[in-house]
Amino acid sequence: MNERFAQPEQEPVDSGANRQLVGFVIGEERFGVDILTVQEIIRDVTITAIPDSPDFLEGVINLRGSIIPVIDLRKRLKLMVKPKVGGQALWIIILIVDGRITGFVVDRVTKVLNVPAASIKPPPDIVVAGLKSRYIKGVCKLDQQLLILLDFNRVLMADEIRKLKSMKRAKLPLEA
């Protein structure tokens, strides 16, 4: 079964009042990404492994004829790896990152969040203790919990981006 959750039609966001974010969870932590970078959210899709790739690269998927790299965000951010439960479908957020379409595996997607722009603050040192601060745009308090806004343009380093670009030029198993 292949479920697809297309990005809903959204009215333009007034950057002075509220920011619309797609919320997702990794472990016990709540994260958010700007809704304008989200192309779609998919589940239950086959990921093809790529030999000799970085450990955080799960592989690639064929999405309507496009070969898209899929990154395990838990591994990339060096968060504690949880064992996969059999039968548990993957959540993949398809984002436009630095002009490229990339998929990111997360534990689950929550909902579209309206966050007052004024409530988003730079991350305090304690919040970024487990993550490298360059990945974090800001934090805000939401429902008595912290929500971490990730900067996906910085999740990958320049050399890793070059490696992903070179993968696209190589003949992949899905293109046979």
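Observations
- Any hit, the stretch 113-129, residues being modelled with pLDDT of 70 or more and polar (S, T, N, Q): yes
- Within the stretch 138-160, residues that are closer than 22 Å to V97 by Cβ and charged (D, E, K, R) reach partners that are modelled with pLDDT under 75 and not in a strand (DSSP E or B) with beta carbons closer than 6 Å, at six or more positions or on different chains, in the pairs R154/R134.
- Among the residues of the stretch 90-123, those identified as free of Cβ contacts under 8 Å to residues at least 24 places away in the same chain and part of a loop (DSSP other than H, G, I, E, B) are G99, P122.
- Once the stretch 55-76 is narrowed to residues that are over 11 Å from L90 (Cβ atoms) and open to solvent by 30 Å² or more (accessible area, probe 1.4 Å), the residue that is nearest to the chain's Cα centre (by Cα) is K75.
- Residues within the stretch 31-54 that are over 12 Å from the mean Cα position of the chain (by Cα) and under 30 Å from S119 (Cα atoms), tallied: 1
- Within the stretch 28-50, residues that are under 12 Å from L150 (Cβ atoms) and open to solvent by 50 Å² or more (accessible area, probe 1.4 Å) sit with their Cβ atoms under 8 Å from residues that are of a type in the set (A, V, I, L, M, F, W, C) and part of a loop (DSSP other than H, G, I, E, B), at 6+ positions apart or across chains, in these pairs: E29/L79.
- Hits in the stretch 22-36 - residues which are more than 14 Å from L73 (Cβ to Cβ) and at pLDDT 90 or above: D34, I35, L36
- Complete set of residues in the stretch 79-112 that are open to solvent by less than 60 Å² (accessible area, probe 1.4 Å), within 25 Å of Q145 (Cβ to Cβ) and at pLDDT 90 or above: W91, I92, I93, L95, F104, V105, V106, D107, V109
The values are calculated or read from the model by the stated rules, or taken from the named source; none is laboratory data. On a predicted model such as this, the values are computed, not experimentally measured, just so you know. Note that we place each Cβ from the backbone using ideal geometry, even for glycine, and neighbour counts take in every protein chain shown. Accessible surface areas use protein heavy atoms only, side chains included; no ligands, DNA or RNA. Shrake-Rupley method; radii C 1.70, N 1.55, O 1.52, S 1.80 Å.
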